[in-house]
Amino acid sequence: MSYLRNRGLDIRNLTVEYQGGQAALKSVDLFLPEHSIYTILGPSGCGKSTLLRSIAGLVKTYHGEISYNGKALPEQDQVLIGLVPQNYGLLPWKTVQSNIRTAMRISNSGTLTKQQQEQRITNWLESMGIADLAHRYPLSLSGGQQQRVAIARAFAISPQIMLLDEPFSALDAITREEIQRIFLGNWNSLPTTTLFVTHDVEEAILLGEKIIMMTSNKEDPLIVMDNPLFSIKPEEKRDSEQFFQLSKEIRKVMQEKW
C-alpha cells in the first residue's frame, strides 16, 4: 500500500548549486513523516548542512520542492522551524536566558503570558542541566554549554520542525551520552518532526527512527535504513546484538560509498 505523502516534511528533486554552478545537492528525495525523527550520516561536503539550511529557508535559490503537510514551506509563515546550527547561532550580547526569550518572541509565542514564557525558559534550561548559566553570556561558556543552550532554545519555541546540525559535537563522550538521553526524553515528550545530522554512527542509531546516509557522489540517491532499535530503552541499545549488526552494516556502506 502506498503512503500518502501529505502529513510530514516532503522533499522532492531538491537541487542546490554553488555560485560557480557546482552541485551542493542534486535531486534529493526524502519524506519525513510528521512527528518522526531521522538521523543523517554523510561525509564532509556531501550537502548535509545545505539540506538543513534549505529546509530552514536560509537557502533561497534551489530547484525542486520542499513542503510540509502538503503545502510549500516558503509559503507557510505559520510553520515554525527550530534550527540548531554548527556555530550554535547564539547572540553574544544577550544572556542565555535572553537568547531563549528573544527566540520565543520572534517565534510569536504570544499565547503565553510573560510568566508562562519565563517558566518555559526555566524548565528547558533545567532539562538541559544548565539552569545555573541563565545569566551568563555565550562567550563565557564552553562549546558544549553553548550547544545545550542552543538545543534548549530550539525546544522552547515548540517548533513543528526541528533541524539539528551536529548538536553534540563539542561534548566529551560521557556528557554526550547523558545529553543524548536527555534529548531523546525531551523529544519523546514533544515529538517534533526532526532531522538530526551527526558524524557519529552510534549516535545515529541511538536517536534515529530511520538513518539516512548521504554519499560523496551527489548523483547517488539517499540511502534510508530502518532502525529496529529505536523503541528500545537507550541504556539497552548499545549492549544488543542488533546494535552491533546495524553499526557493522552502516560502516560497510561508509567504506563503499564515502
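In the range 31-74, what residues are touching a Pro at 6+ places or on another chain (Cβ under 7 Å) and within 30 Å of ARG251 (Cα to Cα)? Selection gives HIS35 alone.
Checked against (1) touching a His at 6+ places or on another chain (Cβ under 9 Å); (2) at pLDDT 90 or above, LYS210 passes all but a single condition, namely (1).
Is it the case, given these coordinates, that PRO167 is surrounded by 15 or more Cβ atoms within 10 Å (Cβ to Cβ) and assigned by TED's automatic domain parsing to the domain that holds ALA72?
Details: surrounded by 15 or more Cβ atoms within 10 Å (Cβ to Cβ): yes; assigned by TED's automatic domain parsing to the domain that holds ALA72: yes.
Yes: the conditions hold for PRO167.
Going by what's in this entry, would SER36 be described as modelled with pLDDT under 95 and not acidic (Asp, Glu)? Steps first, please.
Numbers: modelled with pLDDT under 95: no; not acidic (Asp, Glu): yes.
Spelling it out, it is not the case that SER36 is modelled with pLDDT under 95 and not acidic (Asp, Glu).
On the stretch given as the range 225-258, residues that are more than 21 Å from TRP187 (Cα to Cα), among the charged types (D, E, K, R) and without any contact (Cβ under 8 Å) to a residue 24 or more places away in the chain total 5.
From the list GLU203, GLU209, exactly one residue is in contact with a Lys or Arg (Cβ under 8 Å, 6 or more places away or on another chain), closer than 28 Å to VAL79 by Cα and either among the charged types (D, E, K, R) or not assigned by TED's automatic domain parsing to the domain that holds TYR68 (or both). Which is it?
Working: GLU209 fails: in contact with a Lys or Arg (Cβ under 8 Å, 6 or more places away or on another chain).
Only one candidate qualifies: GLU203.
Which of the residues belonging to the range 223-257 are touching a strand residue (DSSP E or B) at 6+ places or on another chain (Cβ under 9 Å) and surrounded by fewer than 17 Cβ atoms within 10 Å (Cβ to Cβ)? Before you say what the answer is, go through the steps one by one.
Taking the range 223-257 and keeping what is touching a strand residue (DSSP E or B) at 6+ places or on another chain (Cβ under 9 Å), we get 223-227, 230, 246, 249-250, 253-254, 257.
Hits for the range 223-257 are ILE223, VAL224, ASP226, GLU249, VAL253, MET254, LYS257.
If a residue has to be surrounded by fewer than 12 Cβ atoms within 10 Å (Cβ to Cβ) and modelled with pLDDT of 90 or more to count, how many in the range 87-114 make the cut? I'd like the intermediate steps shown before the answer.
Step one: list which residues in the range 87-114 are surrounded by fewer than 12 Cβ atoms within 10 Å (Cβ to Cβ), which gives 87, 92-93, 106, 108, 110-111, 113-114.
Checking which are modelled with pLDDT of 90 or more leaves us with 92-93.
Looking only at that region, the number is 2.
The values are calculated or read from the model by the stated rules, or taken from the named source; none is laboratory data. Values in this document were obtained by computation on a predicted structure and should not be read as measured data. For neighbour counting, all protein chains shown are included, and Cβ atoms are generated from backbone atoms with ideal geometry for every residue, glycine included.
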